[in-house]
Structure formats: structure tokens, C-alpha cells
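What follows is a set of notes on a single structure, which appears directly below.
Here, each number is a calculation from the coordinates, and none is a lab measurement. All figures in this text were calculated on a predicted structure; none of them were measured in a lab.
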Amino acid sequence: MVLQTVKQVLQKRKDVSGIILHSDRGFQYTSRAYDDMLHQVTLTPSMSRKDNCFDNACIESFFSHLKTEALYPYVNLDADQVQRRMEEYILFYNEQRIQLNLNKLTPVEYRRQLAA
């Protein structure tokens, strides 16, 4: 089922180079077939190392916020609406949503401050 889902995405979006595909460590995501498929289409896999749940803690936290703030409050969204909500939320999260653990800055502001 996972391979079929990735293939469906690839039919809709031909150029996926540079895209990171995050998953958990389920058997289907650690299979040779899944790994081979991702490398053939230049998708980069992302998952925690074995027995280390902190590797992807930041993205897991983001997905939690995305779901609870941008998707779960809305019922019966079609695929286009979900796509739009996700795109809007990513912009909001990075450019407007203040993070307490980033000294009350947005992620973009925090990165700019670090780079200065």
C-alpha cells in the first residue's frame, strides 16, 4: 500500500528531487523495495534511527501542530482543500507563529538572528 501511494504521488508530481519524505520506522518504510523506489526517484527518506525517537522530534512536533491547528478543526475537506490548508499553515508556521522555545520569535526570525 505504501509503494502504491508513493507511485500515485509520483504520477501527479513528476519532479520530486530534493523532497524529503518523512515516515516512522514501520516495516514497510524500512523495506528494500521502499528504499529502492525512493532512491530511483531521488526522494530523500527521513526517519529516526532505531531506538532514538529524538532524531525527528522537530518534524513530529510540526506535524502535530499542523494536524491540530490546520486540519482537525475542519471536517470534510477534499484533497485540494487539504493541500491549500497545509500550504497556508506552513507559511504561517514559519513566518508568523511565534515559538516560545525560539525566544518568542518565528522560525524565520530565529534563523535570521542566528545567521547575523
Could you work out the per residue convex hull volume over the alpha carbons of the chain, in cubic angstrom? 147 Å³
In whole angstrom, largest first, the equivalent ellipsoid semi-axes that the Cα gyration tensor gives for the stretch 57-115 are 25, 12, 9
Comparing 57, 70, 79 in a Gaussian network model of the chain (Cα, 10 Å), the one with the largest mean-square fluctuation is 79
Determine the relative contact order of the stretch 2-46: mean sequence separation of Cα pairs under 8 Å and six or more apart, normalised by residue count, in whole percent. 49 percent
Amide H neighbours of residue 99 under 5 Å, at least 5 residues apart or on other chains, H built in the peptide plane: list them. 104, 105, 106
Estimated [θ] at 222 nm from DSSP helical runs (n ≥ 4, -39500 (n - 2.57)) normalised by residues in the chain, nearest 500: -14500 deg cm²/dmol
Give me a comma-separated list of calculated 3J(HN,Hα) values for the stretch 111-116, in order, Karplus coefficients 6.51, -1.76, 1.60 applied at θ = phi - 60°, integers in Hz, x for any Gly or Pro. 5, 4, 5, 5, 6, 6
Can you compute 3J(HN,Hα) from phi for each residue in the stretch 25-41, using the Karplus curve 6.51 cos²θ - 1.76 cosθ + 1.60 with θ = phi - 60°, rounded to whole Hz and x for Gly and Pro? 9, x, 4, 5, 8, 10, 6, 5, 4, 5, 4, 4, 4, 4, 5, 5, 9
Return the whole-Å distance between the Cα centroid of the stretch 70-93 and the Cα centroid of the stretch 1-50. 22 Å
Give the relative contact order (percent, whole number) for the chain; include only Cα pairs under 8 Å separated by 6+ residues. 15 percent
